[in-house]
Amino acid sequence: MVILLELLLAMAGVWILAACRAPAWAWSGIFAISLLVWPILHSMNPWLLTPVWLLLIPSAAVISVPQLRQQIISAPLLDRFRKMMPSMSETEREALEAGSTWWETDLFSGNPDWSKLLAYPAPSLSEAEQAFLDGPVDELCDMIDDWTITQELHDLPAPVWDFLKRERFFGMIIPKLYGGLEFSAHAHSSVVMKIASRSITAAVTTMVPNSLGPAQLLLHYGTDEQKQYYLPRLASGEEIPCFALTGPEAGSDAAAMPDKGVVCRSLYGGREQLGIRLNWDKRYITLGPVATVLGLAFKLFDPDHLLGSQEELGITLALIPTETPGITIGRRHFPLNQAFMNGPNQGCDVFIPLEWIIGGQARIGHGWRMLMECLADGRSISLPALSTGAGKLASRATGAYAAIRRQFKSPIGNFEGVAEVLGRIAGNTYSMDAARGLTTLAIDSGEKPAVASAIVKYHLTERMRKCVDDAMDIHGGRGICMGPRNYLARIYQAIPISITVEGANILTRSLIIFGQGALRCHPNLMEEIRAARRHDTARFDSAIFQHASLLTSNFARASFHGLTGARFVRSPIDFEESSYYRQLTRLSAAFAVTSEVALMTLGSSLKRREALSARLGDILSLMYIASAALKRFSDQQRPTADRPLLEWTVTDALHQSEQRLMEVFDNLPHRLAGRVLKRTLFPWGSSYRTPSDLLLQRCARVILRYGSARDRLTDGVFISNDNSDALAQIEEAFEKDTAAVPIIARLRNAMRNGELTAGDPEQHLMDAISIGIIDKREAALVEAATAARQQVISVDDFPADYWKEKRDSWPKSPTPSQRANQSM
């Protein structure tokens, strides 16, 4: 019994040393004291422990003396580490090192500092930004008729283009010094989100000049002359920009880019100049067909050594007026019935002066890193804002529709199956808006969150897909009949566009989130790689032993949290949601240990094990989204009515993360490692359940009823004051239906009591008035609600020859012989 107790005490001591990340001298000292005390406690000859001392003293010396440790341990480890390092192209290295990290680093550490997260300010708008949203943005949305834009004009109307330019929508990110609006990232996001709730075409047209494009690149890297010339013209809309990156042979793989520039001398402007002869073929370029200035990515070569000894100079960016001789531009793609301008462009022997390189000659060869750092900004704002706007529209419209639409004499929102879907829509919308806000806060704090941008790009576009799919299911036939009344169909059609652009979702999930996250967010891994590249043993020694200390600490903490259910984890708050902070801390530790084991056992092959990388990326992402929801709830003073949405977000994140961890354990090539992790980190089996039916019903009630929670959830959706607008009609019908609900309940109660004939209450209003159950005013409320409901559930229809007229105006496809002649 005494020996068992001593064993338990020894294990507790080891756990405390590991969890506290005790230094080497502390481990050596504790072991030495234990060896001194042991013979006294057990009345044994201390000389019997001589072999142990002979092992302890040299081991302690090696671990504690840096010079010995580096020579005996770190140098061989460094050689092995260099062999395990994955091969990496220059473009991959630049992409991995671009941007910065933020809160996701805490989540990767295994012990997030929740007080730090809660201490960040809440995302907010300035008075000028709010005035812009309430003024020009609302005015723009009132001008937009998306059916006319997408079905009739296939373009924004001229007055809308003029308004966008006049009100400087294209200059939101440009400083006031150059005539722009100089908005925060949160304001930029809020503008795009509101416009997206009205029209995807208008939202994309607005967001592209403010996202990855010439303005962003000029702000960060342009010369003073380039800024002075272009930024005022871009802010006013005098110049319409596009950026040409993707080509037929190079999408996500920039290293395969065939577009080429060669340094040469040529006549330009009446005299011989040193410049670049360009040839390129690009496609999918948004705003390309109407652009006046084209940003271009290409590989630059100097075969005649006019700039120096190096021939291959790398990916370079230039800004080129589209009227430059040799450029072919203006044709359009037709992306899924959306009317935003998008099309191909080509350049054949286009000569440009060196001064047109963005940033001048000093930025030659730096193009890919420039793009990646700007992409972190753009990917954090534009598509997450568009996705959140679509989710908010789906929540507001679908909740109202489900409250109004009746089947079997009851609102369809009362059916448990429909309520489950409504709850999922509301929960996903809450999580999307929370993640959007947290990420714009990072940018406004001066960060370029490379990993967080990939998280929100992938997960918010995927959650938009779920929201809109669910909304279409609930609307049924109302959702699939195209026409001016349909506020969902164009968003539904546009979903694959968001999934595809700014990093295809499959690649973002399987390669970027964890692949970049492991290197950038891990406290030591990047330092180890840098030391290995430089063959710096001292630097590697410091990093690898800090890494070992972190691993043992996280393993000790994760196993303890698994045994105790995280009951002893410190929470930053004492409120009801404190358990969520504890469980996420446990999940963070388990994730950190699992990531370490995957990296150690798979080494460079983890780069090719994309399914495992994707699952680990999912866990990091879900922790980020749950963190964002907790911060939002705290920032908004913990409103009780929003609690179901917080509970759904965190419960769903915990459950899905646990499932992904189990899948990682089951799919690790080293099956023993997977089994050990599963038994150690989850000793009692699964710990987290999927959101309950009751919780989903509580979430559904948030959007099925008028109230502050519904307004907070859908804040930023544009609601027109025009009674002919479909969304305005559903809002009016919802209001009238809400007023009629208690009256209809009284009528149904009278039917149950035998005071009225059984049937549809709306058909017995006069009888109810005659016997005093309701009065004429109440009957009028029910009639108004009925009329509004019938208007809302109606769908569009068209004359039989409507499509014939359209067909006659379509461009004719070339015949096979015509195509053959064109190719000759």
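The values are calculated or read from the model by the stated rules, or taken from the named source; none is laboratory data. This one's a predicted model, so the numbers in the text were calculated from it and none came from an experiment. Reconstructed Cβ throughout: ideal geometry from the backbone, glycine too, with neighbour counts over all protein chains shown. Quick note on the areas: whole protein, heavy atoms, side chains included, nothing else; ligands and nucleic acids left out. Shrake-Rupley method; radii C 1.70, N 1.55, O 1.52, S 1.80 Å.
Worth a mention:
- Summed over the residues of the chain and divided among them, the accessible surface reaches 44 Å² per residue at a probe radius of 1.4 Å.
- Peptides 113-125, 658-670 ordered by average Cβ neighbours within 10 Å, highest first: 658-670, 113-125
- Dipole moment magnitude, nearest 20 debye, the stretch 416-515 about Cα centre, only Lys, Arg, Asp, Glu C-beta charged: 240
- Every pair of different Cα atoms in the stretch 661-816 enters the Kirkwood calculation, which places the hydrodynamic radius at 22.0 Å.
- Arg331-Glu420 FRET efficiency (beta carbon distance; Förster radius 51 Å; 0.05 resolution): 0.65
- Note on the stretch 329-398: with charges restricted to the Cβ of Lys and Arg (+1) and Asp and Glu (-1), its dipole about the Cα centre is near 380 debye.
- Shape index of the stretch 352-421: Rg/Rh, with Rg the Cα radius of gyration and Rh the Kirkwood radius from the inverse mean 1/r over Cα pairs, equals 1.48.
- Selection among Leu181, Met766, Gly389 by position relative to the dipole of the chain gives Gly389 as farthest towards the positive end (Cβ unit charges, Cα centre).
- Glu755 paired with Leu306, simple spin-label distance in nm, labels 7 Å along Cα-to-beta-carbon: 9.4
- When peptides 564-570, 296-302, 621-627 are sorted by average Cβ neighbour count within 10 Å, with the highest value leading, the order is 621-627, 296-302, 564-570.
- Gap separating the Cα centres of the stretch 140-193 and the stretch 289-338, nearest whole Å: 26
- In whole angstrom, the stretch 618-660 maps to an equivalent ellipsoid with semi-axes of 21, 11, 4, each derived as √(5λ) from the alpha carbon gyration tensor and ordered largest first.
- Basic side chains Lys and Arg get +1 at the Cβ, acidic Asp and Glu get -1 at the Cβ, and with that the dipole of the chain about its Cα centre reaches some 2300 debye.
- Carbon plus sulfur fraction of accessible area for the stretch 563-616, probe 1.4 Å, in percent: 50
- For Leu599 and Arg570, the difference between the fully extended length at 0.36 nm per residue and the C-alpha to C-alpha distance is 7.6 nm.
- Computed label-point distance, nm, for sites Asn279 and Trp803 using a 7 Å Cα→Cβ extension: 4.4
- Potential lengthening of the chain between Ala780 and His154 amounts to 221.1 nm, from the contour at 0.36 nm per residue minus the alpha-carbon distance.
- The stretch 520-663: equivalent-ellipsoid semi-axes (sqrt of 5 x gyration tensor eigenvalues, Cα, Å): 32, 17, 15
- Amide hydrogen neighbours beyond the local backbone of Arg283, cut-off 5 Å, H modeled: Thr246, Gly247, Asn345
- Other-chain or far-sequence residues with amide H under 5 Å of Ser100's (modelled H): Lys448, Ala450
- A helix-only calculation puts the chain at -18500 deg cm²/dmol for mean residue ellipticity at 222 nm, using -39500 (n - 2.57) for each DSSP H run of at least four residues, averaged over all residues.
- Separation between Cα centres of the stretch 697-748 and the stretch 419-458, rounded to whole Å: 25
- Placed amide H near Cys264: partners under 5 Å, 5+ positions off or other chain: Gly275, Ile276, Arg277
- Expected-Rg normalisation [2.2 N^0.38 Å, Cα atoms] applied to the chain: 1.11
- Mean Cβ neighbour count within 10 Å, used as a protection proxy, ranking 506-516, 447-457, 732-742, 777-787 highest first: 447-457, 506-516, 732-742, 777-787
- Rounded to the nearest 0.05, the FRET efficiency derived from the C-beta distance between Trp161 and Cys481 at R0 = 30 Å is 0.50.
- Calculated P(r) of the stretch 141-259 - Cα pairs past 21 Å, %: 45
- 20 Å cut-off, amide nitrogen to a point 7 angstrom out along Arg534 Cα→Cβ, residues in the stretch 434-451: none
- Taking label points 7 Å from Cα along the Cα-to-Cβ direction, Val741 and Ala641 give a separation of 1.2 nm.
- In order through the stretch 644-657: 3J(HN,Hα) via Karplus (6.51 cos²θ - 1.76 cosθ + 1.60), integer Hz, x for Gly, Pro: x, 5, 5, 4, 5, 4, 6, 4, 5, 5, 5, 5, 5, 5
- Potential lengthening of the chain between Asp349 and Thr690 amounts to 116.8 nm, from the contour at 0.36 nm per residue minus the alpha-carbon distance.
- Per-selection Rg to Rh, the stretch 595-696 - Cα, Kirkwood hydrodynamic radius: 1.07
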